[in-house]
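Readers should treat all values here as calculations from the given coordinates under stated rules, not as data from a laboratory. Everything numeric here is computed off the predicted structure, so don't read it as measured data. Cβ: placed from backbone, ideal geometry, glycine included. Neighbour counts: every protein chain shown.
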Amino acid sequence: MAFPDLLPKPDLRKGPSGESEIWAENTGVPVNGDNVIGIPFIANGIDPDDIDADWLDVLVEALGPSITASAFVSLAPDKQSVTINITQTGGDSARIRISVIHSLIS
């Protein structure tokens with residue numbers, strides 16, 4: 001089963017139901033190897049030209065001992081998914097959080 005797409009992370013500064021445009025996360029069970037995971041930034045109003053692999057902050061948190069390593073591989077050309085390689089020897093879950101970390105000055 002594929003790792004679930006990331007969802008906008010609640011931004012409490014916008015009230016209890018606010019969603020952040022720049023933070024997304026989800027928890028799931030990754031497969032061993034490359035995991036293609038959807039990201040919601042374009043759907044939440046970020047211009048695709050403002051999304052660049054060098055400006056994504058990626059955090060993979062292992063939620064059990066069978067996940068021993070992870071590495072960002074690539075951002076899809078349409079900028080709506082990322083590939084993350086995860087070393088998984090069992091069935092433990094991981095939490096993945098990605099944020100867009102730059103701002104534009106006009």
Sequence-separation-based contact order of region 7-100, relative, with Cα cut under 8 Å and 6+ spacing, percent: 37 percent
Peptide ranges 88-94, 24-30 listed from the most packed, as the mean C-beta count within 10 angstrom indicates: 24-30, 88-94
Give, as a single signed number, the net charge of other residues whose beta carbon lies under 10 Å from the beta carbon of E61, with Lys and Arg counted +1 and Asp and Glu -1. +1
If the chain between T83 and T68 were fully stretched, how many nm would it gain, using 0.36 nm times the residue separation less the Cα-Cα distance? 3.7 nm
Anisotropy class of region 7-100 from Cα gyration tensor, a/c 1.5 cut: oblate
Among I96, I84, what is the fewest-to-most ranking by other Cβ atoms within 10 Å? I84, I96
Estimated distance in nm for a label pair at D92 and D52, the labels positioned 7 Å out from Cα along Cα-to-Cβ: 3.5 nm
Sorted from fewest to most neighbouring beta carbons within 10 Å, what does the list W55, W23 look like? W55, W23
